[in-house]
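Shown next, in structure tokens, is the structure this report addresses.
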Amino acid sequence: MSTKIRFGEIESLPPAKSGIYEIHTDDGIPLKIGIGKDIRKRLLQHRASKQQRLRLKVRGNRENPNDVESKQSILAKHLYYDRSIATNYDLTTEEGRQAFLLDKCHIVFEITSTLAYAQELELALEHPKNFRYVGRVLIR
């Protein structure tokens, strides 16, 4: 059974439970689907949207998504390069991404019995046309 919460409510989730999550804008745009062996911890990582976790490759160009690596939240990287989703927020900053997630997004999640089952659900639901952020990061 799926549950819908705001990003500000993540702390209310039970810790160390596996599950699947979908991140949506309040306008109905499905952004990302993912899984976590500790879904609470995983969603807190997305909400933090840490700038320091976006690493520029040696001799890389910050304007090229292929030159930037994400060590914690691929959502942070996707949002960093998406200039069309939230014109009132500066998504190139942690503060801007965090504010956007808190103000304009929600999470639909399901706690699963195992991580393997969450992976099965993710494969069934993940499709490039279903979620805005899948695979390679593009400048939008």
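Readers should treat all values here as calculations from the given coordinates under stated rules, not as data from a laboratory. As the structure is a computational prediction, the values presented were derived from the model and not from experiment. Here the Cβ is made from the backbone with ideal geometry for all residues, glycine too, and neighbour counts use every protein chain on show.
What to note about this one:
- Scope segment 23-42; condition in a loop (DSSP other than H, G, I, E, B) and within 17 Å of residue 114 (Cβ to Cβ); matching residues: 37, 38
- Meets criteria (in contact with a Lys or Arg (Cβ under 8 Å, 6 or more places away or on another chain), on the phi < 0 side of the Ramachandran plot, surrounded by 13 or more Cβ atoms within 10 Å (Cβ to Cβ) and in a helix (DSSP H, G or I)) for residue 86: no
- Of all residues assigned to segment 49-58, none qualifies as being touching a residue at least 60 places away in the same chain (Cβ under 8 Å) and either surrounded by fewer than 17 Cβ atoms within 10 Å (Cβ to Cβ) or farther than 22 Å from residue 20 by Cβ (or both).
- Filtered residue count, segment 89-108, keeping only those that are polar (S, T, N, Q) and in a helix (DSSP H, G or I): 1
- Of all residues in segment 57-83, those being part of a loop (DSSP other than H, G, I, E, B) and of a type in the set (Val, Ile, Thr) number 1.
- Residue list for segment 7-22, filter: in contact (Cβ under 8 Å) with a residue 60 or more places away in the chain, touching a strand residue (DSSP E or B) at 6+ places or on another chain (Cβ under 8 Å) and assigned to a helix (DSSP H, G or I): 7, 10
- Residue 79 being touching a residue at least 60 places away in the same chain (Cβ under 8 Å), under 17 Å from residue 133 (Cβ atoms) and under 13 Å from the mean Cα position of the chain (by Cα): no
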